[in-house]
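The values are calculated or read from the model by the stated rules, or taken from the named source; none is laboratory data. All figures in this text were calculated on a predicted structure; none of them were measured in a lab. Note that we place each Cβ from the backbone using ideal geometry, even for glycine, and neighbour counts take in every protein chain shown.
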Amino acid sequence: MADANVALYNKTVEQYKDIQTELQGLVTQRTQYESQLNETGMCKEELEKLDEDTPVYKLIGPALVKQDPEEARANIKKRLAFIEGEMKRIEGAMAAKQAEMEVVRKQIGEMRAKIEAASGGGAGASEGRPAARKMMM
């Protein structure tokens, strides 16, 4: 039975590590979108400063192509809305992953306590702690 508890404990620790990895991926995505949001916001500010008759060019591959200023403003506005929506989605996913991590963290603590109690409790509990640490690695 103790082996089953240890196996379940190790499986739960791996689950926790997987959730951490997924959360780190979401943090990376959010950072990328923050950068894009900043860059697109600066582009919007620059477009707002232009006169109506000032030509606007868009980089398409290696070529600069003339673009209508109103079309450029509309594209930037859509891009900002898209990025803001993606950031909200990612932040929601991050909150869900953090809540999931907390649940798994509590499960790990409960399992560790059961394993330490099963390994002898009292004086044996101090011997159980190193065993619990070994299980996590």
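Which of the residues spanning the stretch 69-87 are loosely packed, with under 12 Cβ neighbours inside 10 Å and either at pLDDT below 95 or at positive phi (or both)?
Residues satisfying the conditions are GLU70, GLU71.
With the condition kept exactly as written, say whether any residue in the stretch 67-80 is of a type outside the set (Lys, Arg) and not in a helix (DSSP H, G or I). So that I can check it myself, show each step before the final result.
Within the stretch 67-80, the subset of a type outside the set (Lys, Arg) is 67-72, 74-76, 80.
Among the residues that remain, those that are also not in a helix (DSSP H, G or I) are: 67-68.
Checked against the condition, which is being of a type outside the set (Lys, Arg) and not in a helix (DSSP H, G or I), the stretch 67-80 yields at least one hit.
Please name all residue pairs, on different chains or six or more residues apart, with Cβ atoms under 6 Å, provided the first residue is in the stretch 88-106 and is modelled with pLDDT of 95 or more and the second residue is surrounded by 13 or more Cβ atoms within 10 Å (Cβ to Cβ) and not in a helix (DSSP H, G or I).
none
Among all residue pairs at least 6 apart or on different chains, which show Cβ distances below 8 Å where the first residue, located in the stretch 44-56, is within 13 Å of ALA74 (Cβ to Cβ) and the second is in a loop (DSSP other than H, G, I, E, B)?
Close Cβ pairs (under 8 Å, with a partner that is in a loop (DSSP other than H, G, I, E, B)) amount to VAL56/LEU50; VAL56/ASP68.
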